[in-house]
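Visitor: Please read through the structure below; I'll follow up with questions.
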Amino acid sequence: MKWEDLPRPIQDIAEQHVGVVVEALEVDGGSASDVATVVRGAGGERAFVKAVAGISRRMRWLRNEIAGSGAAVGVAPEVLFHADLTATEVGEDWLVVGFEFVPGRSASLAPGSPDLPVVAEVVERIAGLGAGGMRPLRDRWAPTDWWERVAGVAPEVVADVDVEEMSRLSAEVPAMVEGDRLLHTDLHGDQFVIGAGGDVRVVDWGFPGAGARWVDTAFMILRLIEAGHGPENAEGWARARGTFVGVDERVLTAWAAYVAGLWTHIAVSGQGSSRRAGLARDYVSWRLARRS
């Protein structure tokens with residue numbers, strides 16, 4: 001939806017904070033919100049507004065963004081306002097959130113990118129933050145039978161996989177990721193917004209959690225591989241980080257097995273990227289082959 005298509009009460013909430021909206025620029029990319037737009041008030045004030053209609057997973061993710069941004073003070077854009085509107089008020093349940101507008105560009109994770117040290121510093125800053133009341137990743141990752149589920153619905157995808165071994169490794173992971181540090185769990189280049197002065201903010205906190213401080217760094221290994229790094233180089237980047245101290249080979253292999261199973265299940269269910277799932281499977285296969 002475009003800004004002008006929103007129910008007037010939702011527009012009113014934003015205008016209480018930025019003044020009469022004279023410009024609304026839609027944001028490209030993403031599909032988790034019905035509206036994602038940067039609004040500018042008559043006095044020049046700006047806000048990045050997201051809104052979701054209907055009680056659903058998307059609304060829960062947007063609520064998570066409020067909580068995650070609140071926990072990541074100084075790293076995430078500030079939440080300027082948020083409000084719930086009921087079906088009685090606007091015909092359908094809505095959640096609208098206004099974030100601090102953060103201009104900038106996405107980070108490049110490509111080999112040799114000058115953004116890599118900047119990204120590393122921000123990942124370590126996040127790992128230094130307490131998670132507060134965030135849901136433990138251990139609880140969120142309590143199901144560990146993703147490989148069996150994939151084998152049941154898409155056996156051709158795992159025809160060359162030792163499902164029993166992958167499941168055995170995955171079963172260890174919930175205990176491994178336990179901790180009290182703030183986690184983003186969905187970091188990639190587009191989530192880092194680098195301003196003209198070099199300042200960085202991390203956006204889209206739809207899946208925050210509490211867990212071990214190494215988890216976001218581990219996710220970055222997959223994102224670096226996706227950006228063109230070899231597995232060994234990507235792991236080297238991770239192991240150079242203070243957040244990764246104490247992560248041994250077995251922990252990393254088990255984590256890779258769990259994530260590959262989870263992402264593959266999401267992909268075969270039609271809710272995620274098959275390419276990303278394939279990349280995760282290739283990575284855990286590489287780890288297992290190296291172990292052998």
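The values are calculated or read from the model by the stated rules, or taken from the named source; none is laboratory data. Model, not experiment: these values are computed from the prediction. As a convention, Cβ positions derive from the backbone with ideal geometry for all residues, glycine included, and neighbour counts pool all protein chains shown. Keep in mind that these areas ignore ligands, DNA and RNA; they rest on the heavy atoms of the full protein, side chains included. Shrake-Rupley method; radii C 1.70, N 1.55, O 1.52, S 1.80 Å.
Visitor: Determine which member of the set Lys2, Lys50 is among the basic types (Lys, Arg) and open to solvent by less than 60 Å² (accessible area, probe 1.4 Å).
Guide: Lys50
Visitor: What about Gly230, is it among the small types (Gly, Ala, Ser) and more than 15 Å from Leu116 (Cβ to Cβ)?
Guide: It is false that Gly230 is among the small types (Gly, Ala, Ser) and more than 15 Å from Leu116 (Cβ to Cβ).
Every residue, every condition in (1) open to solvent by 40 Å² or more (accessible area, probe 1.4 Å); (2) without any contact (Cβ under 8 Å) to a residue 40 or more places away in the chain; (3) within 18 Å of Pro174 (Cβ to Cβ), yes or no:
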{"residue": "Ile221", "(1), (2), (3)": "no, no, no"}
{"residue": "Gly230", "(1), (2), (3)": "no, yes, no"}
{"residue": "Arg241", "(1), (2), (3)": "yes, no, no"}
{"residue": "Phe244", "(1), (2), (3)": "no, yes, no"}
{"residue": "Val284", "(1), (2), (3)": "no, no, yes"}
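Visitor: Shifting gears a bit: So which pairs qualify, if the first residue must be in region 2-24 and of a type outside the set (D, E, K, R), the second must be surrounded by fewer than 17 Cβ atoms within 10 Å (Cβ to Cβ) and part of a strand (DSSP E or B), the Cβ gap must be under 8 Å, and the two must be at least 6 apart or on different chains?
Guide: Note: pairs meeting the criteria are Trp3/Glu26; Ile13/Phe81; Ile13/Ala83; Ala14/Phe81; Gln16/Phe81; His17/Phe81.
Visitor: Let me ask something else. Kindly establish whether Gly189 is in contact with an Asp or Glu (Cβ under 7 Å, 6 or more places away or on another chain), surrounded by fewer than 22 Cβ atoms within 10 Å (Cβ to Cβ) and either within 17 Å of Arg241 (Cα to Cα) or not basic (Lys, Arg) (or both).
Guide: It is false that Gly189 is in contact with an Asp or Glu (Cβ under 7 Å, 6 or more places away or on another chain), surrounded by fewer than 22 Cβ atoms within 10 Å (Cβ to Cβ) and either within 17 Å of Arg241 (Cα to Cα) or not basic (Lys, Arg) (or both).
Visitor: Are there any helices (runs of 4 or more DSSP H) wholly within region 90-177 with 2 or more residues that are in contact (Cβ under 8 Å) with a residue 60 or more places away in the chain, under 30 Å from Val245 (Cβ atoms) and open to solvent by 40 Å² or more (accessible area, probe 1.4 Å), and if so which?
Guide: On the way: elements: 116-127, 137-140, 146-153, 163-170, 173-176.
Output list reads 116-127, 137-140.
Visitor: Here are Thr217, Thr243: which of them is closer than 21 Å to Leu279 by Cα and not small (Gly, Ala, Ser)? Break it down into steps so the answer makes sense when it comes.
Guide: On the way: Thr243 fails: closer than 21 Å to Leu279 by Cα.
Within the list Thr217, Thr243, the selection yields Thr217.
Visitor: Exactly one condition in (1) modelled with pLDDT under 95; (2) surrounded by 13 or more Cβ atoms within 10 Å (Cβ to Cβ); (3) under 16 Å from the mean Cα position of the chain (by Cα) is not met by Gly30; state its number.
Guide: Status for Gly30: all satisfied but (2).
Visitor: Out of (1) at pLDDT below 90; (2) surrounded by fewer than 18 Cβ atoms within 10 Å (Cβ to Cβ); (3) polar (S, T, N, Q), what's the single condition that is false for Gln16?
Guide: It is condition (1) that Gln16 fails.
Visitor: Can you pull out every residue in region 44-86 that is in contact with a His (Cβ under 9 Å, 6 or more places away or on another chain), under 19 Å from Glu15 (Cβ atoms) and not aliphatic (A, V, I, L, M)?
Guide: Glu45, Phe81, listed by residue number.
The rows are residues; the columns are (1) out of contact with any His (no Cβ under 9 Å at 6 or more places or on another chain); (2) among the basic types (Lys, Arg); (3) closer than 28 Å to Arg105 by Cβ; (4) surrounded by fewer than 18 Cβ atoms within 10 Å (Cβ to Cβ).
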{"residue": "Arg201", "(1), (2), (3), (4)": "yes, yes, yes, no"}
{"residue": "Ala212", "(1), (2), (3), (4)": "yes, no, no, no"}
{"residue": "Asp248", "(1), (2), (3), (4)": "yes, no, no, yes"}
{"residue": "Val259", "(1), (2), (3), (4)": "yes, no, yes, no"}
{"residue": "Trp263", "(1), (2), (3), (4)": "yes, no, yes, no"}
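Visitor: Considering (1) out of contact with any Lys or Arg (no Cβ under 7 Å at 6 or more places or on another chain); (2) closer than 28 Å to Leu129 by Cα; (3) in contact (Cβ under 8 Å) with a residue 12 or more places away in the chain; (4) not in a strand (DSSP E or B), say which one Arg60 fails and leave the rest.
Guide: Looking at each condition in turn, Arg60 falls short on (3).
Visitor: Every residue in region 1-44 that is assigned to a strand (DSSP E or B) and of a type in the set (Lys, Arg), please.
Guide: Passing the criteria: only Arg40.
Visitor: Could I ask something else about it? Just checking, which of Val119, Val97, Val90 is under 30 Å from Ile221 (Cβ atoms) and among the β-branched types (Val, Ile, Thr)?
Guide: Val119
Visitor: Looking only at region 66-79, which residues are modelled with pLDDT of 95 or more and not small (Gly, Ala, Ser)?
Guide: Correct list: Ile66, Val75, Pro77, Glu78, Val79.
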